[in-house]
Amino acid sequence: MTYQEQAARAASLIQQHRGTWDGIDADAVARMRLQNRFLTGLDIARYTAGIMRRDMAAYDADPAAYTQSLGCWHGFIAQQKIISIKKHFGTTKGRYLYLSGWMVAALRSEFGPLPDQSMHEKTSVPALIAELYTFLKQADARELGMLFRDLDGARAEGNAVEAQRLSNAIDQYETHVVPIIADIDAGFGNAEATYLLARKMIEAGACALQIENQVSDEKQCGHQDGKVTVPHEDFLAKVRACRYAFLELGVEDGIIVTRTDSLGAGLTKQIAYSTAKGDLGDQYNAFLDCEPVDDVSALRGDVVIERDGQLVRPKRLASNLFQFREGTGADRCVLDCITSLQNGADLLWIETEKPHIEQIASMVDRIRAVVPNAKLVYNNSPSFNWTLNFRQQVYDRWVEEGRDVSGYDRAKLMSVDYDASELAQEADEKIRTFQRDASARAGIFHHLITLPTYHTAALSTDNLARDYFGDAAMLGYVKGVQRQEIRRGIACVKHQNMSGSDIGDDHKEYFAGEAALKAGGAHNTMNQFAA
């Protein structure tokens, strides 16, 4: 309903109470309803799932229509990100949020900073989703409140044209609520545990769940060593658990992102169950590093499987884990992805060790030969040294082309000495166009950076600490922070307004009328930022 329709409906309801509700203002009711459009997390999940589905269809029609997100570890960070996007680009279209399990572990656990090994409280994940959306909804309430105040001003001045423009702006208002792709790690336990957590995450507002094929109790960060994968049937049980959670809660177009860590994972905890040659278990076991069994009497507690008519013994480590043959990572990734898409996944995530378009595309081409509309979510990870990787890629291509690289040391290309060089400039251009080029060539629908705000918080704090505690003293804050906020029009320079003070004043006026004791009077120092 439009703003005017909401107000008319509220007025009718008030009138029905024959004077007992005359202290309630219909306009105020309409405003509060519009400022609280999403009443539950499920409202958000259903709304944002629709956005993602439309964006996925748009990408299928045109790979230039890829989407992006940044990882957020606090509601305020998410809020400021979306406010900035609306300020700079006028719309949130194609921009999401990512909730990283790594950042939950490192920044939101009651145990303190933890590595990315699923040791943090799993309840902290849905709690953070709810927090992110609380801050995004508050951003809506703040901006709409400012529009309402401007509308009151236009009406008071008798400016009907401006009042109509503002009324239209209210009706066409674009919410800050955007999709969140939320990391459920390896499910935090068995399939039932995965289902229970998935349900909580969806109830908090998540429309997209990202789950990986590592074992829960041995889970590692995707960019560290020691990763252990599970057989496909074990993983698919958790994928189905996520789908059941979506369907139970009425989010029928919820999105499941299946992540494979097989490219860098050389270990498995289990031999897959197999009943026939060529079945999924047999395909998984075919990658195991095995040795022939020539003397059965020499076996001591070993597992033996049949391969091509011969008994073989999978090599088992002292950790009681089995290892895969070297060089099989890409083949296992392709099988993982095809299997996931054929069993309910919507999007894929291939965790790689470097940002290399042709490496990704070589796997995607094989996947798309079986599932033509396969699409990826890709981690543009801060774990990669982007500068060094791309300078080395340009260096290697120049060598292939026979160009002179005698002025460069490949091992030291990160050096500032090369920053102004032709090679560095070409590498920077490749970094700038990486997302566009990878979406066109390698089927990447969504690009995200998992940990950007972790690093920006550290960098900005380092700058402030250096200046404030140094010779610049208070000028370090004023010049480096506040003056920049003012001149760049960053909303939180008016931190009282951002925290909800003006929304509270509006409510006080609704509740108490002229008797309201409001904070936004002439002596409020936030007035110093009016210009």
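The values are calculated or read from the model by the stated rules, or taken from the named source; none is laboratory data. Here the structure is a predicted model, which is why all the values come from computation and not from measurement. Cβ sites come from the backbone with ideal geometry, for glycine too, and all protein chains shown count toward neighbours.
One table, with the values for the structure above:
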| item | result |
| --- | --- |
| Check on Tyr477, in a helix (DSSP H, G or I), of a type in the set (Phe, Trp, Tyr) and surrounded by fewer than 17 Cβ atoms within 10 Å (Cβ to Cβ) | yes |
| Only one of Asp396, Asp404, Asp437 that is of a type outside the set (Ser, Thr, Tyr) and over 28 Å from Ile350 (Cβ atoms) | Asp404 |
| Meets criteria (over 32 Å from the mean Cα position of the chain (by Cα) and either hydrophobic (A, V, I, L, M, F, W, C) or crowded, with 21+ Cβ neighbours inside 10 Å (or both)) for Val312 | yes |
| Selection from segment 277-314 of residues that are in a loop (DSSP other than H, G, I, E, B), within 24 Å of Val334 (Cβ to Cβ) and modelled with pLDDT under 90 | Asp308 |
| Among (1) surrounded by fewer than 23 Cβ atoms within 10 Å (Cβ to Cβ); (2) at pLDDT 95 or above - the single one Ile180 does not satisfy | (1) |
| Every residue from segment 5-60 that is in a loop (DSSP other than H, G, I, E, B) and buried (at least 16 other Cβ atoms within 10 Å of the Cβ) | Asp25, Arg37, Phe38 |
| Answer residue from segment 469-528, given it is more than 21 Å from Lys137 (Cα to Cα) and of a type in the set (Lys, Arg) and is farthest from the chain's Cα centre (by Cα) among those | Lys518 |
| Condition broken by Tyr454, with the remaining ones in (1) assigned by TED's automatic domain parsing to the domain that holds Leu347; (2) of a type in the set (Phe, Trp, Tyr); (3) free of Cβ contacts under 8 Å to residues at least 40 places away in the same chain satisfied | (3) |
| In segment 405-430, the residues that are exposed (fewer than 12 other Cβ atoms within 10 Å of the Cβ) and hydrophobic (A, V, I, L, M, F, W, C) | Ala411, Val416, Ala420 |
| In segment 382-404, residue surrounded by the fewest Cβ atoms within 10 Å (Cβ to Cβ) [restricted to those that are within 12 Å of Ala427 (Cα to Cα) and among the hydroxyl-bearing types (Ser, Thr, Tyr)] | Thr387 |
| Filter result for Ile449 (among the hydrophobic types (A, V, I, L, M, F, W, C), touching a Phe, Trp or Tyr at 6+ places or on another chain (Cβ under 9 Å) and either surrounded by 15 or more Cβ atoms within 10 Å (Cβ to Cβ) or in the same structural domain as Val371 (by TED's automatic domain parsing) (or both)) | yes |
| Elements of type helices (runs of 4 or more DSSP H) contained in segment 118-237, each with 1 or more residues being out of contact with any helix residue (DSSP H, G or I) (no Cβ under 9 Å at 6 or more places or on another chain) | 124-156, 160-171 |
| Output for segment 86-113, where each listed residue is under 17 Å from Thr48 (Cα atoms) and among the β-branched types (Val, Ile, Thr) | Thr91, Thr92 |
| Residue match in segment 379-402 (condition: in contact with a strand residue (DSSP E or B) (Cβ under 8 Å, 6 or more places away or on another chain), in a helix (DSSP H, G or I), assigned by TED's automatic domain parsing to the domain that holds Thr229 and over 23 Å from Ala182 (Cβ atoms)) | no |
| Residue satisfying all of: in segment 84-117; of a type in the set (S, T, N, Q) and assigned to a loop (DSSP other than H, G, I, E, B); modelled with the lowest pLDDT among these | Gln117 |
| Pro382, sole failed condition from (1) of a type outside the set (Ser, Thr, Tyr); (2) more than 26 Å from the chain's Cα centre (by Cα); (3) modelled with pLDDT under 95 | (2) |
| Selection count where residues are over 13 Å from Ala530 (Cα atoms) and buried (at least 18 other Cβ atoms within 10 Å of the Cβ), scope segment 481-500 | 1 |
| Matching residues, segment 320-336, being part of a loop (DSSP other than H, G, I, E, B), surrounded by 12 or more Cβ atoms within 10 Å (Cβ to Cβ) and out of contact with any strand residue (DSSP E or B) (no Cβ under 6 Å at 6 or more places or on another chain) | Arg325, Thr328 |
